[in-house]
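The values are calculated or read from the model by the stated rules, or taken from the named source; none is laboratory data. Just so we're clear, the structure is a prediction, and the values are computed from it rather than from any experiment. Every residue, glycine as well, gets a Cβ built from its backbone with ideal geometry; the counts of neighbours run over all protein chains shown. The protein model used for the area step is the full one, side chains on, heavy atoms only, and it has no ligands, DNA or RNA in it. Shrake-Rupley method; radii C 1.70, N 1.55, O 1.52, S 1.80 Å.
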Amino acid sequence: MRPWSRNVEEVVAYMSNRPLCRYTNEEIAGIIIPAYFDEGERVGVDPVIAVAQMIHETGFLTSWWCDRPRRNPAGIGVTGQMKPTVTTEEKNSNAWAYDPSLKIWKKGLLFENWTDVSVPAHISRLLGYAVKKENMTEAQLAYYQEHTARRPLPARVQGCAPTLAGLEGTWAVPGKGYADRLASHCNMIGKK
């Protein structure tokens, strides 16, 4: 059973009509949120927690990193590293994005679409934080390995977050209050 029993419609209602969102309500309701529920339920990750983290990390889908063509839902691979030029190999790795407003390259993963790449990358990372590889089912392990291949999860964080509290100082550094902010979003979803 999921700690936060909410449905797609409740999550969509919470996200809808947010100012400056870079996605339409149709994209949120028809693509992004259903992908979180499909993928999360597929491998036993609470989709509400994953969406709450996406909301927090992207400011309700307003961040530069979550915008097209990057579609990065949770700061995956975003290091703060920037440089004026990148090699062809770096550019082709989908691990650097050019910011034309600053005329600089920024390090972080880019995802081709939400359904098949972005959301699975996020869900698989949360799975890896929650469960050590040796404790995953075969299906979970296959999913995890497939979707973390581009950016493997460090061994030091694998299984460190079976609860939200484990994300403090691991997903978010220094992360003070991180778990409380995610829980707050989870609790607000579904409230009238």
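Could you tell me whether the range 101-117 includes any residue that is open to solvent by less than 50 Å² (accessible area, probe 1.4 Å) and in contact with a Gly (Cβ under 7 Å, 6 or more places away or on another chain)?
Yes - at least one qualifying residue is present in the range 101-117.
Those residues that are touching a His at 6+ places or on another chain (Cβ under 6 Å) and either without any contact (Cβ under 8 Å) to a residue 60 or more places away in the chain or among the charged types (D, E, K, R) (or both), I need them from the range 110-140; list them, please.
Of everything in the range 110-140, just one residue is touching a His at 6+ places or on another chain (Cβ under 6 Å) and either without any contact (Cβ under 8 Å) to a residue 60 or more places away in the chain or among the charged types (D, E, K, R) (or both), namely Ala121.
Are any residues in the range 135-146 open to solvent by less than 60 Å² (accessible area, probe 1.4 Å) and either of a type in the set (Val, Ile, Thr) or over 16 Å from the mean Cα position of the chain (by Cα) (or both), and if so, which ones?
Met136, Gln140, Leu141, Ala142 - these are the residues of the range 135-146 that are open to solvent by less than 60 Å² (accessible area, probe 1.4 Å) and either of a type in the set (Val, Ile, Thr) or over 16 Å from the mean Cα position of the chain (by Cα) (or both).
As an exercise: evaluate Ala149 against (1) in a helix (DSSP H, G or I); (2) open to solvent by 20 Å² or more (accessible area, probe 1.4 Å); (3) of a type outside the set (Asp, Glu) and give the number of the one condition it does not meet.
Ala149 satisfies every listed condition except (1).
Hey, can you tell me all the residues within the range 70-115 that are part of a loop (DSSP other than H, G, I, E, B) and of a type in the set (Ser, Thr, Tyr)?
Thr79, Thr85, Thr87, Ser93, Ser101
Give the residue that is most open to solvent (accessible area, probe 1.4 Å), with candidates limited to residues of the range 11-27 that are under 16 Å from Gly190 (Cα atoms) and of a type outside the set (Gly, Ala, Ser).
Asn17
Would you pick out the residues in the range 53-62 that are free of Cβ contacts under 8 Å to residues at least 60 places away in the same chain and open to solvent by less than 30 Å² (accessible area, probe 1.4 Å)?
Thr58, Leu61
Kindly list, by first and then second residue, each pair from a residue in the range 162-181 that is closer than 17 Å to Ile55 by Cα to a residue that is acidic (Asp, Glu) and surrounded by 15 or more Cβ atoms within 10 Å (Cβ to Cβ), limited to pairs with Cβ atoms under 6 Å and residues at least 6 apart or on different chains.
Filtered contacts from the range 162-181: Gly175/Glu168; Tyr178/Glu168; Ala179/Glu168.
Applying the selection to the range 34-69, what residues are closer than 21 Å to Thr24 by Cβ and outside any helix (DSSP H, G or I)?
Residues satisfying the conditions are Gly59, Phe60, Leu61, Thr62, Ser63, Trp64, Trp65, Cys66, Asp67, Arg68, Pro69.
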